[in-house]
Every structure is written in structure tokens, then in C-alpha cells.
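Asker: What follows is a structure written as C-alpha cells; I'll ask about it next.
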Amino acid sequence: MNHIEEKIIQTIDEHREEIIALAKDIQSHPEPGFYEERTAAHVAAFLRGLGLRVHGGLARTGVRAEWMEQDGPNVTIIGELDAIGCKSHPMADPVNGTAHACGHHAQIAAMIGAALALTNEEVQASLSGSVSFFAVPAEEYIDADKRAWLRKEGIGFPASGKSELIRLGEFDHSDIILTTHVHMMQVEEDFYLGNAACNGFSAERVTVRGKAAHAAIDPWDGVNALSITSSAIQMMGLMRETFREEDHVRLHNVIRKAGDVINVVPDEAVIETKVRAASLDAIRATQEKMDRAYDGAAYAFGGTIEREPLQGYMPILHRGADKVMEESVKLLDASYRCSKPADFNNACTDVGDLTHLFPVLNFTFGGFAGKLHGADFKIMDEELAYIKPAKLLALTTYRLLCDQAKEAKKICREFKPVFNKETYCQYIRDNFHENE
Ligand SMILES: [Zn+2]
């Protein structure tokens, strides 16, 4: 361990209580996606206190602090601001119904801890590049009604915070992105290094239109929207045998409405259909099958279908553990394992969108008990959940940017993006916002 690495670890240790207090404060005041005002204000105040230039109100609540004066690559460290709807959690907010049952407060603590270390004068002077600390809104799923409202408020891509921030150009200066999360798969070790592949998804809200008629006197004059819906869902079930294992397809339906009163043939049904798969092509192909099921059922009964496509998240493109991260974790008293190409995380996250544009260096950490998004989720080990992740973020950033940023430049050179900002935004518009 060299002198700068010692300094990073020592600085974070010196501020241990402060970092833990901030984590607990955020945990005690959970807020839903795009409404994380209190959390954002606390993060902004803390970063401002470190002498950083802070920009707030990005995609409503995002906060980015940085020093941009230095030449060289930019490393952007991300922390997610939002909590998840989980009313039964003992720490749920009684009004908004959310709780930090996905550990995002720990990510914020880690980012803040890294900022404390990296803004140390001696540490900063050793870096050939710039660092941004970016607290981003709305990682968790935003439902269709809330999206419609957010669009009226001027959020162009209301599906997720990171997507909207890409659209707004708030990642334009980022070259490498560092993300963290509590473990999302079964991992026994303290740290899991790398980004496991995970599904992306897209969704749609489907309105089935039939025709009302008296259910007893003249049902033959009606077109039953519930029958169309249940037939379509039946067909989707039979189509499951066409799903390939390697595509990891998951399919979910929720019927929001299917008729009004029992003695009238239901003339309107509203369904949300969500397709998860491991590639954009597999998502699109599966979505087309679901659309055929709706169209076919509507044709059979003589009804019609209206669709509102709902943008989801892109899949995570697997990235193995980078050398800079693995060398850094060895300086901590912690166990770890590295991501393998065969690892697969069945959840979805909007980090997937970022992996289509940037090299995203990621690790996950333990220190908690219970289930993600569950009422029993709780932090058990503050050192492992808040302090060690801060050290790993800061040490990794140091290794990326020390020595004329040799490692960061190499990662940027070798990375092949699927999209740039413009083609990404075009893809989203073409698939989800056609009418603009
Ligand atoms: Zn999460």
C-alpha cells in the first residue's frame, strides 16, 4: 500500500461516524423516485461542504458535484437517491410508503465517503483526471400513471433517472462510471466485483375495447373485453415454450380493469404487460409475440387494442472485474469474488442503460440481512455496508487516475459502446415515444 492509499483509508476511517450518521439519516427519511428532495438537499449540502461545485435539480432531484479543472479522463461515482415502495417495512415512511429496502442509502454513504477521501488535497494532487460525485434519482420502477404526470412536468424519459440524465446531457463529461449496490445475487463473500449480466425489460399498457351489452338480455350484441384479455393471456402462456433459455425471458401481466358491473358485458379492459429478457433483440421479439396475442384475441372476438409502450431498462452487458478494482479490494480486510460471464442477475436496473454507453465498473457488497425490497431488509454490519464500499470506490478511482491515468485511458480505449447519447435517445424515441 502506498502513501496515497494509506491516506484514502485513513481519511475515511477518521470520518467513519459522520458517514454512518448520514447513511442512517437518509435511511430514516426514505423518498420515492424523482421526489427525493430531502435526500438530495442533504447530499448537496455535504458535497458543498467539501468545497465542491454542486449542481442540483438535475432530472428534478439529481445532484452532481465535481472538480473539472484537471485534464484527463473523468470518473463519475454514482449513488442512487430513491427508496422502494414497501409499506410493511418497519422503517417505511408512513406517508409516502417507501423504505430503503434496496440499500440505496448505503450507496450514498459510500459515495460521500469516497468524496471525503478524494477531495483530500494530497490525494487529489495525485490524480490525472477529474472526478464527479453524482447522486441520481429514480432507479426503481415508475408506474404508468406517475410517468404520464412526470411527462407533463417536463421529464422527457420518465422511465428512470439515469435515462433522463443521459437525455439531458448530464453524463456528457463522464468517461468511466463507477456503480455499487448491496448484493443482488446470492454472494457469500463481502464483495462481488464486476457487473453480472442482467435482464432488461420493456412494458406496455394495453387497453382492450369491446362493446357493452346486457349480460342476460342480449349478450350476443356485446364484445367482451375480459374474454379478449383472458384469451390473450392464455396464448402468452402457451407461447412460453418458444422462449430460449439463454434469453432469460420473464413475462408478467397485471389486469388493472376488466369491466365495471357484473350484469354488463365488459367493454373495456386495461392490462399492463412486462417483458424481461437478456438482450434488446430478445425483449423486442418477445414483445412482438405478446402484441400478436392481443391482436389475435381481439380479432377473434371483434374488439380492438390500443397500446401505450412504456420504456423499461436496458440489460446489463456483462463486465468482468477490472484489475484496478481487484487490486484495490486486496487492501481492505475483506473477502471477495469476481464476476464470471455465466453469472446472471434476474432483477433489472437502469444501470443497464449506462452499460450501453460507458464502461461501468461495478461492485456489490454485503453487510445486510433479509430480502431486497422485503420488509425484513436491514443493515447488519455498518463497516461492510457503509465504510468499506467507500474505501473501495475511492481506491479504485485512485488506481484509475494515478500514473497519468494510464488505466482509465486504457479502459476507455478498449470500450466499445452500443450507443452514443444521440443514438440512445433515438432508440428510446423510436420504441417508446413515437408520437413526438
Ligand atoms: Zn436497488
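Asker: Do we have Phe419 as farther than 30 Å from Arg307 by Cα, modelled with pLDDT of 95 or more and under 20 Å from the mean Cα position of the chain (by Cα) here?
Answerer: no
Asker: For the condition more than 24 Å from Leu384 (Cα to Cα) and basic (Lys, Arg), what is the one hit in Arg53, Arg16?
Answerer: One residue alone meets the criteria, Arg53.
Asker: Another question, then. Return yes when Gly302 is closer than 30 Å to Glu170 by Cβ and touching a residue at least 40 places away in the same chain (Cβ under 8 Å) and no when it is not.
Answerer: Against the criterion (closer than 30 Å to Glu170 by Cβ and touching a residue at least 40 places away in the same chain (Cβ under 8 Å)), Gly302 does not qualify.
Asker: I would also like to ask the following. Being within 16 Å of the ligand (Cβ to nearest atom) and either farther than 28 Å from Met184 by Cβ or modelled with pLDDT under 95 (or both) is true for just one of Gly57, Gly154, Gly103, Gly85. Which residue is that?
Answerer: Gly85
Asker: Additional query: Taking the stated definitions as given, is Phe46 outside any strand (DSSP E or B), among the aromatic types (Phe, Trp, Tyr), within 16 Å of the ligand (Cβ to nearest atom) and touching a residue at least 40 places away in the same chain (Cβ under 8 Å)?
Answerer: no
Asker: Are there any pairs, at least 6 apart or on different chains, whose C-beta atoms fall under 9 Å, with the first in the range 119-140 and of a type in the set (Phe, Trp, Tyr) and the second within 16 Å of the ligand (Cβ to nearest atom) and not in a strand (DSSP E or B), and if so, which?
Answerer: Phe133/Met111; Phe134/Met111
Asker: Picking from Glu272, Glu241, which residue would you name as being in a strand (DSSP E or B), within 30 Å of Gly352 (Cα to Cα) and not assigned by TED's automatic domain parsing to the domain that holds Leu354?
Answerer: Glu272
Asker: Can you find a residue that is basic (Lys, Arg) and touching a His at 6+ places or on another chain (Cβ under 9 Å) anywhere in the range 86-98?
Answerer: no
Asker: Check every one of the strands (runs of 3 or more DSSP E) wholly within the range 170-218 and list those with 1 or more residues that are more than 23 Å from Ala23 (Cβ to Cβ) and within 16 Å of the ligand (Cβ to nearest atom).
Answerer: 200-209
Asker: Is it the case that some residue within the range 350-369 is assigned to a loop (DSSP other than H, G, I, E, B), under 13 Å from the mean Cα position of the chain (by Cα) and either at pLDDT 95 or above or away from the ligand (no atom under 12 Å from the Cβ) (or both)?
Answerer: The answer is yes; a qualifying residue exists.
Asker: Of all residues in the range 36-53, which are buried (at least 19 other Cβ atoms within 10 Å of the Cβ) and closer than 24 Å to Gly156 by Cβ?
Answerer: Glu36, Thr39, Ala40, Val43, Ala44
The values are calculated or read from the model by the stated rules, or taken from the named source; none is laboratory data. In this text the structure is predicted, and so the values were computed from the model without any measurement. Glycine also receives a Cβ, built like all others from the backbone with ideal geometry; neighbour counts cover every protein chain displayed.
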